[in-house]
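Q: Below you will find the structure I want to go over with you.
The values are calculated or read from the model by the stated rules, or taken from the named source; none is laboratory data. Fair warning: this is a prediction, and the values are worked out from it, not measured in the lab. Neighbour counts run over all protein chains shown; Cβ positions are idealised from the backbone, glycine included. Surface accessibility is based on the protein's heavy atoms, side chains included, excluding ligands, DNA and RNA. Shrake-Rupley method; radii C 1.70, N 1.55, O 1.52, S 1.80 Å.
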Amino acid sequence: MTRLLDINDLHVTFPTEDGNVKAVDGLSLTLDAGETVAIVGESGSGKTVTSLSVLGLHNKKRTRLTGEILVHSERGVVDVVSCDDEELRKLRGSAVAMIFQDPMSSLHPYYSIGNQLSEAYRVVTKASKKDALKRCVEMLDLVGIPEPQKRVKEYPHQFSGGMRQRVMIAMAIINNPRILIADEPTTALDVTVQAQILSLLKELQREFNMGILLITHDLGVVAEVADRVNVMYAGKVVERGTVDDIYYRPLAPYTMGLLSSIPSVYGKGTGRLSAIPGQPPSLISLPEGCSFASRCSFPSQVVGASCATDAPHLSEDEPGHFARCHLALADRRTAGAKFAAKGGTA
Amino acid sequence: MTPIVKVENLTKHFPIKKNALARRKAGNVKAVDGISFEIAPGETLGMVGESGCGKTTAGRTIIKLYEPTGGKIYFEGEDITEISPSAMRSYRSKMQIIFQDPFASLNPRHTIGRIIAAPFEIQNITPEGGVKRAVQTLMERVGLNPEHYNRFPHEFSGGQRQRIGIARSIALKPKFIVADEPVSALDVSIQAQIINLLDDLQTEFGMSFLFIAHDLSVVQHISDRVAVMYLGKIMEIAPTTDLYAAPHHPYTKALLSAVPVPDPQTERTRERILLHGDLPSPMNPPTGCVFNTRCWKAQDRCRIDEPELLQIGTSSVACHFPE
Amino acid sequence: MINYISRRLLYAAVILLLVSMAVYAIFQFLPFDPAALTCGKNCRPNLIAANRVRLGFDKPLWEQYWLFLSGIFVGRDYGVGSAAFSCSAPSLGYSFRQNACVTDLIKQALPVTLSLAIGALILWLIVGIGLGILAARFKDSPIDTGSTIFVLIGTSLPTFVTGLLLLIYLTLKNNIIPLNFDAYVSVFDNPSKFFMYFLLPWITLAFAFSAIYTRYTRSAVIETSGEDYIRTAWAKGLKSSVVLRKHTLRAALAPLTTLAGLDFAGLLGGAILTETIFNLPGLGRMSLKAVNDFDLPVVLATTLLAATIVVIMNLIVDLLYAVLDPRVRVG
Ligand SMILES: Nc1ncnc2c1ncn2[C@@H]1O[C@H](COP(=O)(O)OP(=O)(O)OP(=O)(O)O)[C@@H](O)[C@H]1O
Ligand SMILES: Nc1ncnc2c1ncn2[C@@H]1O[C@H](COP(=O)(O)OP(=O)(O)OP(=O)(O)O)[C@@H](O)[C@H]1O
Ligand code: SF4
Ligand SMILES: [Mg+2]
Ligand SMILES: [Mg+2]
């Protein structure tokens, strides 16, 4: 397997007037070629901040970034956190590309699709305008836009949301990047269009052996496309494992809560949902102990530590399956079994 | 039993003016184009469909926030299609709406107390024990701390604001509530809290809901029956369990199959129907069956004849070739 | 697009017609006898009556308006016999006060105002946009603070104060720019003299505008920099100069065309204060004087001219905007 990305102990802090916002607090993850690694979590858990860090897209003056983000590119390993602007710029688009959540606002309203696509191509390859335009038409065709010859001259406002996201995908993969970061690529789209886009991404991944870092809050989407999953809560990874680990053997109480709060189209009756009470903590004054303690139902069962004052570590409870919780593993296994997805109940 | 709400062939078209100079109509957006259904007392009708299919317009037209273009609306058996705004006022206390956006739908300059008390004020009702008492009881009922009576909306999280909106809408114990995507803007864990709250309130007060959402799992969870909309028309309407277990309309089938399920094994094995293309413009919808441009079963007939809603078992389906 | 342009042209023509009617009507309903105003102190009833006939004030209102309107296109003759005289097209009336065709008066004043406005426009666009971009790029740096102070001063100092201060310090006290008592010369005749003549007025006029444009540019650039599509541009690996020039500025400055066009149109009607301070024989001073002298034909003509310029400028700005923004172009 080819390693593409190593993030080690990433901390991202935004100094603001009210205090320091600890948006990402010690995150580590890896991404290999051909696999899809998902980051899931609620709004504000630090997913977007993480993904922007990989491309070095934060405003340097207003962000404190520590840790390592190692991108394994054709030209060697580059640490995004410490490298200079020029090196970073050369990674963007060629080694690491990104698609964003809102296809409506991610394309420049004043330039034609062809202009924007070929710009992305030419900045890396220095191709002639004519060759670039030919490549754009090919790419539009590849992502399933009908009449690419004609559409390439049109402007973003003449495209529907789903088509714009296709254009964004075409733009991202036009230079065959090894890493594709997709930040909520389908959140703004309808389910039928979401299904189209996800299947397109899977197809392209198979074809080009890209590593995809998929950021989403939708557990359904994760189950559909991810190989491995990182569950984030308040800037920290609280559980990491394969999809099956996460859905069938959840070991972190937050993951269990998440799984049990989603009503599912298939199976199970219409009983009450077991909602997680309360709301996430403020990132400016994170609690001393476990960030999830105030919403968790297990602290009273924990022995040997205090959820309110001792911060749990991410520990490898099973091979390749990490969780961050003080509760005894056996107790978590029993609890997890109650909330786990049923498995093949369609 | 008389249905709480009954609509017959309801239409709502929005005229589109090309520009201020020409002043001539360039066409109509057929946002809602002939829908019919009933909602029984205590029943929740779910309404699903993709963005722009007319769910919000339908919901607002039914409680006459929009003037209908055509068709009939009955509330508890009485025709309210044509009644004057002043006569409508007495109905307002019996029908309420909960909005999608918990951020935009609350006046930022009013205290929570004042926002929740608004329906009393508008209807000129003084509840037993005074307005403040009633408001605080409501706050407690929806899971807000009654001591926060004098706080402002920006001091609350999204889920809490949605609770405020809900408290306001149940203040007058309405018989019918249009809930327009009440949980779409919320995170799953908060979403579950709100769904449970709505469930409980319905059990307690026995009101009927028109529950609009684009999330099929949420709709399934909360509804007794479900209506599937596409381009301003109802494609299928059926009891929830039947609709999800055996969808008859190709669109319903495609929609259900497009929803990713939070279960990796199911995801790996199941077949998925991928629809091609995008939603056509509601300004000039396709002739015949509006779904024909994206339907994999479409034949010539579908491009000419518009199918009517026909009964198949417990479901009503508008398709020439139902499953 | 052709369709759009022709529709807009028609629209502009209709508006101009309506404006001319309105302006004409307003001056008719003023409580003055236009004929009595033609001769001032030495008016005698028979002179007034003669002038009334000569200028056509005896005719019904609609006919007067028609004569006025057709005069613009074919010129106009006044009086008969030996007392006859004519103003050739485009005629905007005849000023008895100054014994001249209004068009000729305007022909003298317009180049002055035009030179003043164009020069100032160029100056304030360069200074305002340039400083605004710098302030936005180096946000919170000393440059930004400096620009903020400039904006504060520029927007709070009235034009006449700026003008007088410049006049006193640059000319009278330090003699950096020599005081100019000469008459207006055109750029084509004597460029250096022309520049000396207009330098102070340009600076004075551009001062306040520069400040406004700095503020606008700064906030537009900062706001645009936060747009999603700018993030997309960075993610492509573009150089920061390309992101700024091609992506940010294009979007941030497009709305500025509207602002600049209308400000410019406003100035063409006459920059009264600046023209007065520096004693420039432009349209502004001309209309001010005409108002003071009850020189109705001149007031009527300058008002109409100003309105026309605004309408035409609006048209130009809209067309320009359609060229810049594809969303307008197609829609
Ligand atoms: N530039 C910034 N300055 C200050 N705080 C920031 C900044 N960017 C993000 N944050 C904060 O960091 C936290 C994490 O934000 P992030 O955008 O990563 O969340 P997310 O997990 O992507 O959520 P969502 O699902 O809503 O997109 C949030 O609390 C956010 O308010
Ligand atoms: N006031 C209006 N004027 C003109 N067109 C309108 C108006 N309101 C809605 N529409 C149009 O009517 C159609 C239906 O809109 P509606 O808001 O009812 O859809 P929806 O199903 O609620 O979509 P969403 O899921 O995005 O909320 C859309 O094409 C919309 O653009
Ligand atoms: S550490 Fe304690 S509070 Fe945190 S998840 Fe585990 S049991 Fe819950
Ligand atoms: Mg995000
Ligand atoms: Mg809606």
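Q: Most fluctuating residue of B:Gln299, B:Gln136, B:Gln191 in a GNM of chain B with Cα springs under 10 Å: which is it?
A: The residue with the greatest mean-square fluctuation here is B:Gln299.
Q: Using +1 at the Cβ of each Lys and Arg and -1 at the Cβ of each Asp and Glu in the range A:3-226, identify which of A:Leu107, A:Asn20, A:Ala188 lies farthest towards the dipole's positive end.
A: It is A:Leu107.
Q: Kindly identify the range C:178-331 as rounded, prolate or oblate by the Cα gyration tensor criterion: order the square roots of the eigenvalues as a ≥ b ≥ c, call it rounded if a/c is under 1.5, otherwise compare a/b with b/c, prolate if a/b is larger, else oblate. Walk me through the numbers before you get to the answer.
A: Details: a/c = 3.02, a/b = 1.89, b/c = 1.60.
Note, shape of the range C:178-331 comes out prolate.
Q: Once the Cα gyration tensor of the range B:110-149 is found, what semi-axes does its equivalent ellipsoid get, as square roots of 5 times the eigenvalues, in whole Å, sorted largest first? Walk me through the numbers on the way to the answer.
A: Details: eigenvalues 54, 25, 11 Å².
Whole-Å semi-axes of the equivalent ellipsoid: 16, 11, 8.
Q: Still on this structure, please answer the following. Hey, got the Cα dimensions of the range B:1-127 along the principal axes, in Å, largest first?
A: Cα spread of the range B:1-127 along its principal axes, largest to smallest: 50, 43, 31 Å.
Q: Let me spell out the model: positive unit charges on the Cβ of Lys and Arg, negative unit charges on the Cβ of Asp and Glu, origin at the Cα centre of chain C. What dipole size does that give, in debye rounded to 20? The partial results should precede the final answer.
A: Values: 26 positive and 18 negative charges, 120 e Å.
Computed charge dipole of chain C: roughly 580 debye.
Q: About its Cα centre, what dipole magnitude does the protein assembly as shown give when the only charges are +1 on Lys and Arg Cβ and -1 on Asp and Glu Cβ, stated in debye to the nearest 20?
A: 2700
Q: Also: Inverting the mean 1/r over all pairs of different Cα atoms, compute the Kirkwood radius of the range A:3-226 and quote it in Å.
A: It is 18.0 Å.
Q: If you project the alpha carbons of the range A:7-59 onto their three principal axes, what span does each projection cover, largest first, in Å?
A: Principal-axis extents of the Cα atoms in the range A:7-59, largest first: 42, 22, 18 Å.
Q: Still on this structure, I have one more. Greater than 25 Å separation of Cα atoms is the criterion. Which listed pairs, A:Lys150/B:Lys297; B:Lys55/B:Lys175; B:Lys12/B:Lys94; B:Lys175/B:Lys253, meet it?
A: Over 25 Å Cα-Cα: A:Lys150/B:Lys297; B:Lys175/B:Lys253.
Q: Rounded to the nearest 500, what is chain B's calculated 222 nm mean residue ellipticity when only DSSP H runs of at least 4 contribute -39500 (n - 2.57) each, over all residues?
A: Details: 11 runs with 103 residues, N = 323.
After summing the helix terms and dividing by residue count, I get -9000 deg cm²/dmol.
Q: Report, in debye and to the nearest 20, how large the dipole of chain A comes out about its Cα centre when Lys and Arg carry +1 and Asp and Glu carry -1 on their Cβ.
A: Rounded to the nearest 20 debye, it is 720 debye.
Q: How compact is chain C by the rule of thumb for globular proteins, expressed as Cα Rg over 2.2 N^0.38 Å?
A: So the Cα radius of gyration is 1.22 times the expected 2.2 N^0.38 Å.
Q: Please list the radius of gyration and Dmax for the range A:250-341, considering alpha-carbon atoms only, with Å as the unit.
A: Just the Cα atoms of the range A:250-341 yield Rg and Dmax of 14.0, 40 Å.
Q: Turning to a different aspect of this structure: Would you mind telling me which residue in C:Leu16, C:Leu170, C:Leu114 has the biggest mean-square fluctuation in a Gaussian network model of chain C, where springs connect alpha carbons within a distance under 10 angstrom?
A: Comparing C:Leu16, C:Leu170, C:Leu114 in the GNM, the peak value goes to C:Leu170.
Q: Put a dot 7 Å past each Cα toward the Cβ at C:Leu110 and C:Phe188; how far apart are the dots in nm?
A: Placing both labels 7 Å along Cα→Cβ, they lie 1.4 nm apart.
Q: Using 10 Å bins from zero, what percent of all Cα-Cα pairs in the range B:216-323 falls into each bin?
A: Spelled out per bin, shortest first, that is 14, 45, 33, 8, 0.
Q: What's the total accessible area buried between chains C and A, using a 1.4 Å probe, rounded to the nearest 100 Å²?
A: 2500
Q: Name the residues whose placed amide hydrogens come within less than 5 Å of the amide hydrogen of B:Met283, ignoring near sequence neighbours (fewer than 5 apart) on the same chain.
A: Result for B:Met283 returns B:Lys30.
Q: Under the definition of partner shielding as Cβ atoms of other protein chains within 10 Å of a residue Cβ, what is the mean value for peptide B:214-220?
A: On the way: counts 2, 6, 4, 6, 4, 2, 5.
The per-residue average across the peptide is 4.
Q: If you line up the long axis of helix B:188-205 against the longest principal axis of chain B, both from Cα atoms, how many degrees apart are they, to the nearest 10?
A: That works out to roughly 70 degrees.
Q: In degrees from 0 to 90, rounded to the nearest 10, what is the angle of the helix A:129-142 Cα long axis to the longest principal axis of chain A?
A: 50
Q: Here is a follow-up. How many partner chain Cβ atoms sit within 10 Å of a residue's Cβ in peptide A:272-281, on average, as a whole number? Walk me through the intermediate numbers first.
A: On the way: counts 6, 12, 3, 11, 6, 5, 5, 9, 4, 0.
The per-residue average across the peptide is 6.
Q: Express in Å², to the nearest 10, the accessible area of B:Ile304 obtained by rolling a 1.4 Å probe over the protein heavy atoms while all chains stay in place.
A: Only protein atoms counted, so the area is about 130 Å².
Q: Related question: If you take the charge dipole of chain B about its Cα centre, with +1 on Lys and Arg Cβ and -1 on Asp and Glu Cβ, which of B:Cys53, B:Gln202, B:Gly143 is farthest toward its positive end?
A: Going by the charge dipole, the pick is B:Cys53.
Q: Helix hunt in chain C: which complete DSSP H runs extend at least 18 Å axially by C-alpha with mean Kyte-Doolittle at least -0.5?
A: Result, helices passing both filters: C:2-28, C:61-74, C:102-137, C:142-156, C:191-225, C:250-268, C:296-324.
Q: A further question follows. Given the options B:Gly277, B:His249, B:Phe176, identify the residue whose Cα lies farthest towards the positive end of the charge dipole of the protein assembly as shown (+1 on Cβ of Lys, Arg; -1 on Cβ of Asp, Glu).
A: Of the candidates, B:Gly277 comes out farthest on the positive side.
Q: Express the carbon and sulfur contribution to the solvent-accessible surface of chain B as a percent, rounded to the nearest whole number, probe 1.4 angstrom.
A: Carbon with sulfur: 49 percent of the solvent-accessible area.
Q: Which of the peptides B:161-170, C:283-292 is most tightly packed, and how do the rest follow, judged by the mean count of other Cβ atoms within 10 Å per residue?
A: Listed from highest to lowest mean packing, they are B:161-170, C:283-292.
Q: When you look at the Cβ of every residue in A:220-232, what mean number of other chain Cβ atoms sits within 10 Å?
A: Mean number of neighbouring Cβ atoms from other chains: 3.
Q: Taking a cut-off of 19 Å between Cα atoms, list the lysines near B:Lys132, but don't count ones fewer than 8 places away on the same chain.
A: Of all the lysines, those that pass the test against B:Lys132 - Cα under 19 Å, at least 8 places apart if same chain - are B:Lys173.
Q: Go through C:97-108, B:117-128 and give me the packing order, highest mean Cβ count within 10 Å leading.
A: Sorting C:97-108, B:117-128 by mean packing, highest first, produces C:97-108, B:117-128.
Q: With only alpha-carbon atoms in the gyration tensor, what are the semi-axes of the equivalent ellipsoid for the range C:2-101, in Å, largest first?
A: Values: eigenvalues 191, 50, 22 Å².
Here the semi-axes work out to 31, 16, 11 Å.
Q: Which whole-number percent gives the relative contact order of chain B, counting Cα pairs below 8 Å spaced six or more residues apart?
A: Numbers: 614 pairs, mean separation 64.8, N = 323.
Normalised by residue count, the contact order of chain B is 20 percent.
Q: Sequence neighbours fewer than 8 away in the same chain don't count; with that in mind, list the lysines whose C-alpha is under 20 Å from A:Lys61.
A: Leaving aside lysines fewer than 8 places away in the same chain, those within reach of A:Lys61 are A:Lys22, C:Lys139, C:Lys239.
Q: Name the lysines eligible as straight-distance cross-link partners of C:Lys107: C-alpha to C-alpha under 28 Å, and not fewer than 8 places from it in the same chain.
A: List returned: C:Lys193, C:Lys289.
Q: Bin by bin, in steps of 10 Å, what percent of the Cα pairs in chain B do you find, going until the bin that has the longest distance?
A: Taking every Cα pair in chain B, the percentages come to 6, 24, 32, 24, 12, 3, 0.
Q: Give me the base-10 log of I(q)/I(0) for the protein assembly as shown at each q in 0.05, 0.06, 0.09 Å⁻¹, Debye formula, one uniform scatterer per Cα, rounded to two decimals.
A: -0.44, -0.62, -1.14
Q: Which are the unpartnered cysteines of chain C, meaning those with no other cysteine Cβ under 4.7 Å from their Cβ?
A: Cysteines of chain C left without a disulfide-compatible partner: none whatsoever.
Q: What accessible area per residue comes out for the range A:107-202, rounded to a whole number of Å², with a 1.4 Å probe?
A: 35
Q: Mean separation of Cα pairs under 8 Å and 6+ residues apart, divided by the residue count of chain A: what relative contact order is that in percent? Could the numbers behind the result be given before it?
A: Values: 657 pairs, mean separation 65.8, N = 346.
Value for chain A: 19 percent.
Q: Compute the orientation-averaged projected area for the range C:1-57 from the convex hull of its Cα atoms and round it to one decimal in nm².
A: 5.2
Q: For the range C:103-328, give the percent of accessible area contributed by carbon and sulfur heavy atoms, probe 1.4 Å, rounded to a whole number.
A: Result for the range C:103-328: 70 percent of the exposed heavy-atom area is carbon or sulfur.
Q: Give the relative contact order (percent, whole number) for chain C; include only Cα pairs under 8 Å separated by 6+ residues.
A: Answer for chain C is 22 percent.
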